[in-house]
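Colleague: This is the structure I want to talk about, given as structure tokens.
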Amino acid sequence: PHFRLTAEEIRDQALTVSGLLNPKLHGPSIMPYQPDNIWQSVWNGAQWKKAEDGNQYRRALYVFQKRTIPYPSMLSFDGSSREVCTQRRIRTNTPLVKLVTLNDPVYVETGVALARHMQQQGAKHIAACIRWGYETAMYKPLPDNKLTVLQQLYNDALQEYRKKPGNADTLLVAYRDMPEAAGKQKDKTELAALTVVANAIMNLDEFLIKS
């Protein structure tokens, strides 16, 4: 049977494929990225403080949860608000999933990290980079027809970022510090374009749907 993975599984899978997952076990809950002005605690003035030092990449099991103010990306995936007990979580295919996996900082950052690995493993040959990224995410070879589409996506994104290099800086620097090797403008635009491809790979149905 085909069904979408749960919110926790999708997050953990993206972190694993990108190489960002922190496998540390046990300990207190963590607060990963979350949009501002969502989590409010009117009674005790508690604040949502984003975890650092790699703790933001721990498994979804450790994400801090509070009744009536659930973690927003998981709620978008039809996760429970924890106001009532449930026997099982209802499986749906809400389109809100794509809004999260295409735009949420957690998933954009995993795209940047995967793109960096793709560059390192592909030795600057874009077809090899894309093939490596797809096989890492899907555990199967990339068909030629899909390679053609992803290469075209890369070329279109690269042209766009070369016209507007500031957008490449925003995409990369806002979510993860740039390494020394990516200091040149050309490298930034190429990495940003490859990030678009990596993000697209991790938004394919075969990545989000169990088959």
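The values are calculated or read from the model by the stated rules, or taken from the named source; none is laboratory data. No experiment lies behind these values; they were computed from the predicted model shown. Methodologically, a virtual Cβ is constructed for each residue, glycine included, from the backbone with ideal geometry; neighbour enumeration extends over all protein chains shown. Note: areas computed on protein heavy atoms with side chains; ligands, DNA, RNA excluded. Shrake-Rupley method; radii C 1.70, N 1.55, O 1.52, S 1.80 Å.
Colleague: Considering only the stretch 82-95, state which residues are free of Cβ contacts under 8 Å to residues at least 60 places away in the same chain, surrounded by 12 or more Cβ atoms within 10 Å (Cβ to Cβ) and within 21 Å of PHE207 (Cβ to Cβ).
Modeller: THR94, the sole residue that qualifies.
Colleague: Hey, among LEU99, LEU114, which residue is at pLDDT 80 or above, among the aliphatic types (A, V, I, L, M) and open to solvent by less than 80 Å² (accessible area, probe 1.4 Å)?
Modeller: LEU114
Colleague: Being closer than 17 Å to THR94 by Cα and either open to solvent by less than 50 Å² (accessible area, probe 1.4 Å) or part of a loop (DSSP other than H, G, I, E, B) (or both) is the filter here; which residues of the stretch 59-81 pass it?
Modeller: Correct list: TYR71, PRO72, SER73, MET74, SER76, PHE77, ASP78, GLY79, SER80, SER81.
Colleague: What do you reckon, is THR148 surrounded by 15 or more Cβ atoms within 10 Å (Cβ to Cβ), at pLDDT 90 or above and either among the aliphatic types (A, V, I, L, M) or in a helix (DSSP H, G or I) (or both)?
Modeller: So THR148 fails the test.
Colleague: Would you please list the contacts, defined by Cβ atoms under 9 Å and residues six or more apart or on different chains, that run from a residue in the stretch 96-115 that is under 23 Å from CYS129 (Cα atoms) to a residue that is among the charged types (D, E, K, R) and modelled with pLDDT under 90?
Modeller: Partner pairs satisfying both residue conditions: GLU109/ARG176; VAL112/ARG176; ALA113/ARG176.
Colleague: Find the residue count for the stretch 1-58, including only residues that are of a type in the set (Lys, Arg), closer than 14 Å to TYR71 by Cβ and either open to solvent by less than 30 Å² (accessible area, probe 1.4 Å) or not in a loop (DSSP other than H, G, I, E, B) (or both).
Modeller: Number of matching residues: 2.
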